Amino acid sequence: MLTTEGPVLMLAGAGTGKTAALTARLAHLVATRRAWPSEILCVTFTNKAAREMRERVAHHLGEAVEGMPWLGTFHSIGAKMLRRHAELVGLQSNYTIIDTDDQLRLLKQLIVENDLDEKRWPARQLAGLIDRWKNRGLNPEDLDAVENEAYANGRGQQFYRLYQDRLKALNACDFGDLLLHMLNIFRREREVLAHYQQRFKYILVDEYQDTNQVQYLWLRLLAQERKNICVVGDDDQSIYSWRGAEVANILRFEKDFPGAHVVRLEQNYRSTPHILGAASGLIDANSQRLGKTLWTEVNGGDKVRVIGVWDAPEEARRVGEEIERLEREGAPLEQIAILVRAQYQTREFEDRFIQIGLNYRIVGGFRFYERAEIRDALAYLRVIAQPQDDLAFERIYNQPKRGLGAKTLEKMHQHARRTGLPLAAASLQLADSDELPARAANTIGGLMRQFLKWREEAEKVTPAELLRTVLDETGYNAMLEAEKTADASGRLENLSELARAMEEYETLGDFLEHVSLVMDNEADQTSEKVTIMTIHAAKGLEFDNVFLPGWEEGVFPSQRALDEGGLASLEEERRLAYVAITRARRRCTILHAANRRIYGQWTSSIPSRFIGELPADHIEEETTLTGGASLWRAGMTEHEDPFAHLARAQPARTMTRGPGWQRALTTGYDTTPKRLKETTRSAASFAAKPRTDIAIGQRVFHDKFGYGTVTDQEGNRLEIEFEQAGTKRVIDSFVTAA
């Protein structure tokens, strides 16, 4: 049935060609002259999707499409409208759109100006709240008491208003304003709204299940006059509530637009019957859905495999073996993907693939050891192990923020160059002088005392215990906890996974050597690689072979999601599982581990409830608890550490160093114990030799303090009675003989 007029909901399942259907509708409207291209509003979520749609329309029509100014993302279309009506919200048409860095800098200024402790109430937390409020279409005056209390004990509204006022003063807006300002204009200026309602004869929206509240309200106002709105989406693939998306928008479409024609796209062109059967059976457990049944004309195919393993390292080994088997059978690595629920899960696979020489890529994020928080933690450990590591020290001397700015760093560099000392040693000498302001000197002195303490502890505690101590005593964990954002929670999980990884190493030196080998492994950029990514990042993609590790309670579904969102979050987690399975074209393998280390403690895991919801007719179960069965036969109870008595035989590691310190790794880990070397040297051991041309009683000149006379000398430290500044302690490299 051809339906061009009135509201239309295209309910499109995974792999059913929903973008193609929307594109065909757009091309038909243009080809039949029902509307000029400039009279059609077509909204996508990414610039890539908009570009592909434009190209597809041109292919349908057999010619390039000109004059489609209203095909684009929500933000791009909102920005275009706002340029025309900026004065109605107190802006000029040449307003600036600020990015996240500018937003944080502006919020920090407001926090300081209003005497608020930025450590207690981080700018990033406030930015997240403001973004959430704007996604919901809320202005400062719209916040209720609960929202107001979300920041600085009831000052949320105040800071939101201050932020908006400052943006207007700067003739600027952030991305959230692009739609919120236009929503406010539509509500207040009926003539403007009427203009756009008349202009757009047809409205088309892709991925409608991912719309947030402000996008929903914006679209509903534009469509109220003609009601010629066609939305395409899949309620079973709504997985972005953490960034404001509301599945309720698509669920209530028929109530918003009575008489809407619903078209179900249920033929899947991607996956085998068993994959579709497993995914459909799983998603049937959700109550908040409109319902559809996917089917395919493809015959046969493997059942979805569900494999139980003993622990996470075995999970990574098993996946590696399966991938090597597929590769031998001719499967291209480009068509193999590992999809994880959380980013910290990638670490086990990265380490394993390095060992066996399997090329891989991390998509939608950094390799585990390249993430900012991991690099920060490693920098602390490198300085503990090697005080001469200037690059590591420079990375963390002011991370978390300690009030040590660029001027202090430049002073440290200058002194290091003059004396030939490492940066850490130079900073300690400066702290023991009057060259720096008292606050900076005290801060550096305190930090260096911490490093000396940690070096002593490195000989007494495990590397993992040392890391946890450093993260706590530096305030790094507290910094992330104070942000109270999903991103910060993920970074904390990554740090916990780093500590877990360090449990396998006897010394800090062993672990840092392992990391250097991993970081030094750069495979040929032209070679094929296995893809490792989160399920969220995989939406819209497809692969012949998909591995889904970590299907245990607490991991998937995520315990944090369940704690924060209850039943609604559970249903979104199930939708995420549905998305994961339907990424597979030919084979899908789900894995769960009986034991997993979380926050440094081994815990017994139970399979995810989602595994129990998979229809038995479409799955094939397998359990390979190698090493585990013998422990249970030996009488070990479930309350004991499952690895306390497990001694794995590990092959020795061989390492060669060639030109440029390029390193090659064969297989396994060396179990030979080693102790840290040269980690207990304090910065004082780097003391530079005193100058022979400076003596007590000599007149000298200092760039900052002026002329004075040397009254005491200890090594390269001088005590000088300055004519204007009084008595100061300085380092001899900072003075010249007068």
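The values are calculated or read from the model by the stated rules, or taken from the named source; none is laboratory data. Source: prediction; values computed, not measured. Every residue, glycine among them, receives a Cβ derived from its backbone with ideal geometry; neighbour counts consider all protein chains shown. With ligands, DNA and RNA removed, areas are computed over all heavy atoms of the protein, side chains included. Shrake-Rupley method; radii C 1.70, N 1.55, O 1.52, S 1.80 Å.
The test for being among the acidic types (D, E), without any contact (Cβ under 8 Å) to a residue 60 or more places away in the chain and closer than 30 Å to A150 by Cα holds for E473.
The helices (runs of 4 or more DSSP H) found entirely in region 175-244 that carry 1 or more residues being of a type outside the set (S, T, N, Q) and without any contact (Cβ under 8 Å) to a residue 24 or more places away in the chain are 190-199. Listed by position, the strands (runs of 3 or more DSSP E) contained in region 568-650 that have at least 2 residues being modelled with pLDDT under 95 and closer than 22 Å to G320 by Cβ are 584-598, 619-624. Output the number of residues of region 285-295 satisfying the condition of being open to solvent by less than 40 Å² (accessible area, probe 1.4 Å), out of contact with any strand residue (DSSP E or B) (no Cβ under 8 Å at 6 or more places or on another chain) and charged (D, E, K, R). Of the residues in region 285-295, 0 are open to solvent by less than 40 Å² (accessible area, probe 1.4 Å), out of contact with any strand residue (DSSP E or B) (no Cβ under 8 Å at 6 or more places or on another chain) and charged (D, E, K, R). How do the pairs read when you match residues in region 691-710 that are closer than 12 Å to A737 by Cβ and touching a residue at least 24 places away in the same chain (Cβ under 8 Å) with residues anywhere that are of a type in the set (D, E) and open to solvent by less than 50 Å² (accessible area, probe 1.4 Å), using Cβ under 7 Å and keeping only pairs 6 or more apart or on different chains? Listed by first residue and then by second, the contacts come to R691/D732; I694/D732. Evaluation of Y163 against the conditions (1) under 21 Å from V112 (Cα atoms); (2) outside any helix (DSSP H, G or I); (3) at pLDDT 95 or above shows that the sole unmet condition is (2). The number of residues in region 720-738 that are free of Cβ contacts under 8 Å to residues at least 24 places away in the same chain and crowded, with 17+ Cβ neighbours inside 10 Å comes to 2. Screening the candidates L265, L282 for the property of being farther than 21 Å from N212 by Cα and open to solvent by less than 20 Å² (accessible area, probe 1.4 Å) yields one hit, L282.
Scanning region 98-117 for residues that are closer than 16 Å to A152 by Cα and of a type in the set (A, V, I, L, M) gives L107, L110, I111, V112, L116. Among the numbered conditions (1) open to solvent by 50 Å² or more (accessible area, probe 1.4 Å); (2) closer than 24 Å to R691 by Cα, the only one that R382 does not meet is (2). Residues of region 305-336 that are under 25 Å from the mean Cα position of the chain (by Cα), closer than 27 Å to P615 by Cβ and surrounded by fewer than 23 Cβ atoms within 10 Å (Cβ to Cβ): Q335 alone.
Taking the criterion of being touching a residue at least 24 places away in the same chain (Cβ under 8 Å), outside any loop (DSSP other than H, G, I, E, B) and more than 31 Å from the chain's Cα centre (by Cα), the residues of region 449-470 that qualify are L452, R455, E456. In the condition set (1) open to solvent by less than 10 Å² (accessible area, probe 1.4 Å); (2) modelled with pLDDT under 95; (3) small (G, A, S); (4) more than 28 Å from A24 (Cα to Cα), S241 is compliant with all but (1). Among the residues of region 339-397, those that are part of a strand (DSSP E or B) and not β-branched (V, I, T) comprise L339, Y360, R361. Of all residues in region 423-437, those being of a type in the set (S, T, Y) and either surrounded by fewer than 22 Cβ atoms within 10 Å (Cβ to Cβ) or assigned to a loop (DSSP other than H, G, I, E, B) (or both) number 1. Taken residue by residue, region 533-547 has no member that is hydrophobic (A, V, I, L, M, F, W, C), modelled with pLDDT under 85, surrounded by 15 or more Cβ atoms within 10 Å (Cβ to Cβ) and not in a helix (DSSP H, G or I).
The number of residues in region 445-477 that are open to solvent by less than 60 Å² (accessible area, probe 1.4 Å) and more than 21 Å from A425 (Cβ to Cβ) comes to 11. Contact list please: Cβ distance under 6 Å, first residue in region 367-389 and over 13 Å from M502 (Cβ atoms) and among the charged types (D, E, K, R), second residue open to solvent by 10 Å² or more (accessible area, probe 1.4 Å) and in a helix (DSSP H, G or I), pairs at least six apart or on different chains. Between residues of region 367-389 that are over 13 Å from M502 (Cβ atoms) and among the charged types (D, E, K, R) and residues that are open to solvent by 10 Å² or more (accessible area, probe 1.4 Å) and in a helix (DSSP H, G or I), the close pairs are E373/R491; D389/R382.
Could you list all residues from region 696-718 that are part of a strand (DSSP E or B) and surrounded by fewer than 17 Cβ atoms within 10 Å (Cβ to Cβ)? Residues satisfying the conditions are R699, F701, G706, Y707, T709, T711, D712, E714, R717.
Selection over region 1-20 of residues that are assigned to a loop (DSSP other than H, G, I, E, B) and crowded, with 16+ Cβ neighbours inside 10 Å gives a count of 6. If I ask for residues that are out of contact with any Leu (no Cβ under 8 Å at 6 or more places or on another chain) and assigned to a strand (DSSP E or B), which ones from region 719-732 would you list? Selection gives E719, I720, E721, F722, G726, T727, K728. Checked against (1) of a type in the set (S, T, N, Q); (2) within 17 Å of L576 (Cα to Cα); (3) part of a helix (DSSP H, G or I), N249 passes all but a single condition, namely (2). Here K201 passes the criteria (1) at pLDDT below 95; (2) open to solvent by 20 Å² or more (accessible area, probe 1.4 Å); (3) more than 30 Å from A486 (Cβ to Cβ) except the one numbered (1). In region 175-198, of all residues being aromatic (F, W, Y) and closer than 30 Å to D102 by Cα, the one that is surrounded by the fewest Cβ atoms within 10 Å (Cβ to Cβ) corresponds to F175.
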